[in-house]
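Peer 1: Please see the structure below; I have some questions.
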Amino acid sequence: MRAIVAPQTAAQLSACQAKATSSVPRHALRPTLCPSVSSSIRGKILELSRSRKAGHTLRRGHNSVTLASSTLPTFDLDIPSVTNLDHLKDDGYCGADGTVLMRPPPLGLDVHNSKGKYWIKTFGCQMNMADSERMAGVLETMGYMSTDDADSANVLVYNTCSIRDKAEQKVYGALGRQAKRKRSDPNMKIVVAGCVAQQEGETLLRRVPEVDLVMGPQYANRIDQLLELVDLGQQVCKTEAIEILEDITTPRRDSSTSAWVNIIYGCNEHCTYCVVPQTRGKEQSRTPEAIREEMAELGRQGYKEVTLLGQNIDAYGRDLPGFADDGSGRRLWTFTDLLQHVHDVPGIERIRFATSHPRYFTERLIKACSEMPKMMPFYHIPFQSGNNEILKEMKRGYTHQRYRRIIDTIRHYMPDAAVSGDAIVGFPGETDEQFQETMALIREIGFDTVNTAAYSPRPNTPAAEWENQVADLIKMDRLHQINALVNEIAEQRSARYLNTVQEVLVEGVNPKIPTQMMGRNGGNRSTFFDGDASMIGQILKVHVDESRTWSLTGHLVV
């Protein structure tokens, strides 16, 4: 189970979290339970956690959780099952149920003579959103136009995420419904793309034989070639690793003001909880020239903001040839060098990036960002835990002291910079004392945003096989505690904008109040003010009159 406590923005990458699991740790715990857990349940959890006797398990029913032991009485806890906790929303970047990509027909397309309609639903992070945009661009060059009605589409694409088991099950549930339609409409095509496709491969075809195409994320810009094979009557599975060719497709952007630009694909890290290296492959950096040209084209099209994307974006360039000629021993192209290379692209007025890894986040990078006016002062750097033993078990490659020094350096160069992070609670073996160190880190740093998650095991990851799994009830209690703290601090951080003038890139109309416009300030806070659609794409000055946990409201400064 995942609880995202921040708004849906470009910085919400939580690449390595999932829903909670159900076995009880063998080590004794004394959990500090949040007030929302009833006293009777608290007592039973504490009684169980104090016991070191073998054989304790959690049996999860539809509306109850049973604590069972061969030597202790059975406790029936009258609470919702983990899958039915309505108060813990599963709001990943694309939401619990995914996001449907809907775009107006491309210019020049005769809607009456189009090849048909495509429907794309995206689950997971903004890397998947960027891949969906690329697939949409290819499909439109083939003559398809988008629809938000799955039942009327000729090509259905599920761009999947394997970070959470819940997302996987939602995909399988949706496939079951569309498989029935496929039996009566054999000309429709069902495509499963993304990380679940990469992870499951031919198993997915055997489980849902109505699927026509299973393709890993590395094939996003080749969906046309694969659909041609489907048209020839083949059932296609393409998940083998490939060298990602330079992307010459034109993505169908989901915004007219802000755009994603991938700069590095894959991940070479080996975090013990994370499935991403298996589903997205090894790191492959795009060339600086290709990245700059894509940004230049976006500038010519009128885009004002670019968010550079990578699983570990500050590892950019490690696989590119050459070394710097200054004798430092660093690679010829680092992420810092890339930012300096693209900073002056005409038309692009704002640059953001995500996600950063603390292992590669250097003072050289921080100082360079502080000196480039187009770089937005918002930094998403996952910390995952505030305890060094847990970080070591996760194989994160840094300590909490190292993480604190990074944030101190950012605030030395940019005192008002906004900082967000990711945290996992209930990692195997995590004690209450270790969890409290994570809470202490959040209090000390004062994050603008933290994406939180309860740990759950993912296929083929080392931590999934460990025996010291933390009980669901303890995980959920810790999730309650950490979310309450994150909300409290985020509200305080928002308040610092009160009675200040913020530069806001106007992105669209507030869907709840049509007379208001919405955009983001430099610190990535959503900001609302009265206006009209003619302002979209402009950077305007807004005086902040009201602050909330995740957003601001103000009025235009003339």
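The values are calculated or read from the model by the stated rules, or taken from the named source; none is laboratory data. Keep in mind it's a predicted model, so treat the numbers as computed, not measured. Using ideal geometry, Cβ is built from the backbone for each residue, glycine included, and neighbour counts are taken over all protein chains shown. Surface accessibility is based on the protein's heavy atoms, side chains included, excluding ligands, DNA and RNA. Shrake-Rupley method; radii C 1.70, N 1.55, O 1.52, S 1.80 Å.
Peer 1: Can you confirm whether region 378-390 contains a residue that is part of a helix (DSSP H, G or I), touching a residue at least 40 places away in the same chain (Cβ under 8 Å) and either within 30 Å of G519 (Cα to Cα) or open to solvent by 10 Å² or more (accessible area, probe 1.4 Å) (or both)?
Peer 2: Yes, some residue in region 378-390 is part of a helix (DSSP H, G or I), touching a residue at least 40 places away in the same chain (Cβ under 8 Å) and either within 30 Å of G519 (Cα to Cα) or open to solvent by 10 Å² or more (accessible area, probe 1.4 Å) (or both).
Peer 1: Could you please tell me which pairs satisfy a Cβ distance under 9 Å, a separation of 6+ or placement on different chains, a first residue in region 545-558 that is among the acidic types (D, E), and a second residue that is in a loop (DSSP other than H, G, I, E, B)?
Peer 2: Filtered contacts from region 545-558: D545/L498; D545/N499; E546/L498.
Peer 1: Can you name the condition, by its number, that A290 falls short on among (1) hydrophobic (A, V, I, L, M, F, W, C); (2) open to solvent by 10 Å² or more (accessible area, probe 1.4 Å); (3) not in a helix (DSSP H, G or I)?
Peer 2: Single failed check for A290: (3).
Peer 1: For region 501-515, does any single residue satisfy the condition of being out of contact with any Gly (no Cβ under 8 Å at 6 or more places or on another chain), aliphatic (A, V, I, L, M), modelled with pLDDT of 95 or more and closer than 28 Å to Y403 by Cα?
Peer 2: No, region 501-515 contains no residue that is out of contact with any Gly (no Cβ under 8 Å at 6 or more places or on another chain), aliphatic (A, V, I, L, M), modelled with pLDDT of 95 or more and closer than 28 Å to Y403 by Cα.
Conditions tested, residue by residue: (1) open to solvent by less than 10 Å² (accessible area, probe 1.4 Å); (2) modelled with pLDDT of 85 or more; (3) closer than 22 Å to P217 by Cα.
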site	(1), (2), (3)
G92	yes, no, yes
P104	no, no, no
H112	no, no, no
E140	no, yes, yes
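Peer 1: Oh, and also: So, of the residues in region 284-317 that are polar (S, T, N, Q) and closer than 30 Å to E389 by Cβ, which turns out to be modelled with the highest pLDDT?
Peer 2: N312
Peer 1: Could you count how many residues in region 391-422 are in a loop (DSSP other than H, G, I, E, B) and either without any contact (Cβ under 8 Å) to a residue 12 or more places away in the chain or open to solvent by less than 60 Å² (accessible area, probe 1.4 Å) (or both)?
Peer 2: Result for region 391-422: 7.
Peer 1: Moving on to the next point. Pairs needed: first member in region 266-283, more than 23 Å from E389 (Cα to Cα) and open to solvent by less than 10 Å² (accessible area, probe 1.4 Å); second member anywhere, assigned to a loop (DSSP other than H, G, I, E, B) and of a type in the set (K, R); C-beta distance under 6 Å; at least 6 residues apart or different chains.
Peer 2: Partner pairs satisfying both residue conditions: G266/K282.
Peer 1: A further question on this structure: Just one of M127, M145 is modelled with pLDDT under 85 and either in a helix (DSSP H, G or I) or surrounded by 14 or more Cβ atoms within 10 Å (Cβ to Cβ) (or both); which is it? Steps first, please.
Peer 2: Working: M145 fails: modelled with pLDDT under 85.
From the options M127, M145, the qualifying one is M127.
Peer 1: Then there's this: Could you tell me which numbered condition Y455 fails, if it satisfies all but one of (1) open to solvent by less than 20 Å² (accessible area, probe 1.4 Å); (2) modelled with pLDDT of 95 or more; (3) under 24 Å from the mean Cα position of the chain (by Cα)?
Peer 2: With (1) open to solvent by less than 20 Å² (accessible area, probe 1.4 Å); (2) modelled with pLDDT of 95 or more; (3) under 24 Å from the mean Cα position of the chain (by Cα) applied to Y455, the lone miss is (2).
Peer 1: Provide a single number: the residues in region 534-550 that are closer than 15 Å to G508 by Cα and not hydrophobic (A, V, I, L, M, F, W, C).
Peer 2: Counting residues in region 534-550 that are closer than 15 Å to G508 by Cα and not hydrophobic (A, V, I, L, M, F, W, C) gives 3.
Peer 1: For region 359-377, what are the residues that are closer than 22 Å to R331 by Cα, open to solvent by 10 Å² or more (accessible area, probe 1.4 Å) and of a type in the set (A, V, I, L, M)?
Peer 2: M372
Peer 1: What residue, among those in region 217-239 that are outside any helix (DSSP H, G or I) and in contact (Cβ under 8 Å) with a residue 24 or more places away in the chain, is nearest to P186 (Cα to Cα)?
Peer 2: Q235
Peer 1: Check whether at least one residue in region 493-507 is within 22 Å of the chain's Cα centre (by Cα) and more than 24 Å from I410 (Cα to Cα), and report yes or no.
Peer 2: yes
This table checks each residue for (1) out of contact with any helix residue (DSSP H, G or I) (no Cβ under 7 Å at 6 or more places or on another chain); (2) acidic (D, E); (3) not in a loop (DSSP other than H, G, I, E, B).
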| residue | (1), (2), (3) |
| --- | --- |
| V486 | no, no, yes |
| G519 | yes, no, yes |
| F528 | yes, no, yes |
| K541 | yes, no, yes |
| E546 | yes, yes, yes |
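Peer 1: Still on this structure, I have one more. L505 passes all but one of (1) open to solvent by 50 Å² or more (accessible area, probe 1.4 Å); (2) part of a strand (DSSP E or B); which number fails?
Peer 2: The single condition L505 does not satisfy is (1).
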